[in-house]
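Encoded as structure tokens, the structure appears first; notes follow it.
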Amino acid sequence: TKPKPRYRRILLKMSGEALMGNQAFGLDPKVVNRIADEVRQLHEAGVQVAIVIGGGNLFRGAQLAALGMERVTGDHMGMLATLMNSLAMQDALEQIGVPVRTVSALRVDEICEPYIRRRAIRHLEKGNVVISAAGTGNPFFTTDSAASLRAIELEVDAMFKATKVDGIYTKDPNRYDDAVKYHDLSYQKALTDNLGVMDATSIVMCRDNHMPLIVFDMTKAGEIIRAVFGEDVGTIVHA
Ligand code: UDP
């Protein structure tokens, strides 16, 4: 018998930088296509996939503010950056035959649908991948918060956060040889020990709503598939 995915519906969060590859700015089509192909495999296995993508490869509000721009305007640019990344992922998925809709927290009606919870859920039920763009639609939030929010609203079974390390460590594994990886931990510990998993807003939202989170290394090919099929990869954070 064919192995079955452990999760029926998931939310996959990746940063904008994850799509940048080794470039200094923008998108690496090789990376975008590789991730799109892994999403295709999940989709073919019957997993309902919602995606949230960051914008840090293009613009971040806080960085623009540090250069003198008004913070809210910077955040608007950051949210538009997430929309651009979402369109790139939508295109890559469509080109390999995966049905997909980008839905946006800010209205850009000529480009994509607005985010309407019931419609987004319907898309997932029909087997469309849903890319939720423009973060939460509000300044002073992050796309991690947007991912937590959408994961809870769309009633996914678990949220998967793509990173460049294979889980959460006691300290930065790139700087300390004696850093130890957690197999699993609670949101409360992640908060108190300041483990830098996500910002506090995102963590508290997942904690209070019992949304499990799997932190895994997306630079490793196929890792998301192993994670969704229930292999022991990365670190699981629970309420
Ligand atoms: N942003 C925002 N509200 C949101 C989500 C994102 O204002 O709900 C802006 C914010 O300026 C942020 C930028 O969009 O810096 C890009 O998102 P993020 O930094 O989370 O991207 P990532 O680090 O995941 O690539």
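The values are calculated or read from the model by the stated rules, or taken from the named source; none is laboratory data. Note that the structure is a prediction, hence the values are computed from the model and not measured. Reconstructed Cβ throughout: ideal geometry from the backbone, glycine too, with neighbour counts over all protein chains shown. When the accessible area is computed, the model is the full protein with side chains, heavy atoms only, and any ligands, DNA or RNA have been set aside. Shrake-Rupley method; radii C 1.70, N 1.55, O 1.52, S 1.80 Å.
Label sites at Ile111 and Phe140, each approximated as a point 7 angstrom past Cα along Cα to Cβ, lie 2.5 nm apart.
Averaging Cα coordinates gives a centre for segment 107-186 and one for segment 207-238; these two points are 12 Å apart. Glu44 sits with roughly 130 Å² accessible to a 1.4 Å probe, with DNA, RNA and ligands left out of the calculation. Computed with a 1.4 Å probe over protein heavy atoms only, the accessible surface of segment 91-239 comes to 48 Å² per residue.
All C-alpha to C-alpha distances of segment 118-190, sorted into 5 Å bins beginning at zero, yield P(r) values of 3, 12, 17, 19, 16, 13, 11, 5, 2, 1 percent in whole numbers.
Which percent, nearest 5, of DSSP beta bridges in the chain are antiparallel? It would help to have the intermediate numbers written out before the result.
Details: 4 of 32 bridges.
Percentage antiparallel, nearest 5: 10.
Put simply, the amide H of Asn57, placed in the peptide plane, has neighbours under 5 Å in Gly16, Glu17, leaving out anything fewer than 5 places away on its chain. Ordered from longest to shortest, the equivalent ellipsoid semi-axes for the chain are 24, 23, 18 Å, each the square root of 5 times a Cα gyration tensor eigenvalue. Amide H to amide H, with H built 1.01 Å from N, Tyr169 comes under 5 Å of Tyr182, counting only residues 5 or more places away or on other chains. Starting from the 7 Å offset along Cα-to-Cβ, what nm value, one decimal, do you get for the label separation of Lys181 and Phe25? The modelled label-to-label distance comes out at 3.5 nm. Shown in residue order for segment 204-218 are the 3J(HN,Hα) couplings computed by the Karplus curve 6.51 cos²θ - 1.76 cosθ + 1.60 at θ = phi - 60°: 5, 5, 5, 4, 5, 10, 6, 9, x, 10, 10, 9, 9, 8, 7 Hz (x for Gly and Pro).
Evaluating 6.51 cos²θ - 1.76 cosθ + 1.60 at θ = phi - 60° for every residue in segment 70-81, the Karplus couplings come out as 4, 4, 5, 4, x, 5, 4, 5, x, 5, 5, 4 Hz, glycine and proline recorded as x.
As a fraction of the 1.4 Å probe accessible area of the chain, surface on carbon and sulfur atoms comes out at 51 percent. Across segment 187-201, computed HN-Hα scalar couplings (Karplus, 6.51 cos²θ - 1.76 cosθ + 1.60, θ = phi - 60°) run 4, 4, 5, 4, 6, 5, 8, 6, 7, x, 5, 8, 6, 4, 4 Hz from first to last residue, x flagging Gly and Pro. In terms of accessible area, using a 1.4 Å probe and ignoring ligands and nucleic acids, Thr192, Thr82, Thr163 rank largest first as Thr192, Thr163, Thr82.
Amide H to amide H distances under 5 Å link Thr136 with Ala146, where only residues 5 or more positions off or on other chains count and H is placed in the peptide plane.
Say the cut-off is 32 Å between C-alpha atoms; which of Lys4/Lys161; Lys2/Lys171; Lys2/Lys126 go over it? Let's see the in-between values first.
Working: Lys4/Lys161 21 Å; Lys2/Lys171 38 Å; Lys2/Lys126 22 Å.
Long pairs (Cα-Cα over 32 Å): Lys2/Lys171.
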